[in-house]
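K.L.:
Provided herewith is a single structure, encoded as structure tokens, for subsequent inquiry.
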Amino acid sequence: MTPITRQEVLGLYRKILRIAKKWQSASGQIEETIKEKEYIKNEAKTLFRKNKNVTDPKLIKQCIEECEARIEIGLHYNIPYPRPIHLPPMGLAHKQGRTLRHQEKLRKISKPIYLKSHDEVS
């Protein structure tokens, strides 16, 4: 990891912790605010620790993009949890032979960047 990339990653981590410190839930209830603050901190710690040994520059860039997307979406919607995608369970292709593999491939491609690591952690 280059020093510039390291600074960028550490800057994102600090930014997330600052967001968690100032976070207010949409409902305004204290219990929900505390729960959401803890979720933000725990999610950040889990994902950053999981990816601390990544050395491939393309993969690092993808992780940084995912982090930035999740920050922006969370701040915009005032929801710290990842927004789900809405695809019908078997709606991309027919349920037979090669088309089933094709459907799985389409589902993988259609997954938004901000959900790439969510399924691995949850």
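K.L.:
In percent, how large is the relative contact order of the range 1-58, given Cα pairs closer than 8 Å and 6 or more residues apart?
P.N.:
Computed value for the range 1-58: 38 percent relative contact order.
K.L.:
Per residue, what accessible area does the range 1-50 have, given a 1.4 Å probe and all protein chains present, in Å²?
P.N.:
It amounts to 73 Å² per residue over the range 1-50.
K.L.:
Moving to a separate point now. One quarter of the convex hull surface, Cα atoms only: what value does that give for the range 3-86 in nm²?
P.N.:
Working: hull surface 24.4 nm².
Hull-based average projected area comes out at 6.1 nm².
K.L.:
Would you list, by chain and number, the aspartates and glutamates whose Cα falls below 18 Å from the Cα of Lys15, excluding same-chain residues fewer than 8 positions away?
P.N.:
Of all the aspartates and glutamates, those that pass the test against Lys15 - Cα under 18 Å, at least 8 places apart if same chain - are Glu36, Glu38, Glu43, Glu65, Glu66, Glu68, Glu72.
K.L.:
Using θ = phi - 60° and the Karplus relation 6.51 cos²θ - 1.76 cosθ + 1.60, list the HN-Hα couplings for the range 27-33 in order, rounded to whole Hz, with x at every Gly or Pro.
P.N.:
Per-residue couplings from phi come out as 7, x, 6, 5, 4, 5, 4 Hz.
K.L.:
In nanometres, what is the gap between the two model label sites at Arg83 and Tyr39, each 7 Å from Cα along Cα-to-Cβ?
P.N.:
Placing both labels 7 Å along Cα→Cβ, they lie 1.5 nm apart.
The values are calculated or read from the model by the stated rules, or taken from the named source; none is laboratory data. Computed from a predicted structure; not experimentally measured. Every residue, glycine among them, receives a Cβ derived from its backbone with ideal geometry; neighbour counts consider all protein chains shown. Just so you know, the surface numbers come from the protein's heavy atoms only, side chains and all, with ligands and any DNA or RNA stripped out. Shrake-Rupley method; radii C 1.70, N 1.55, O 1.52, S 1.80 Å.
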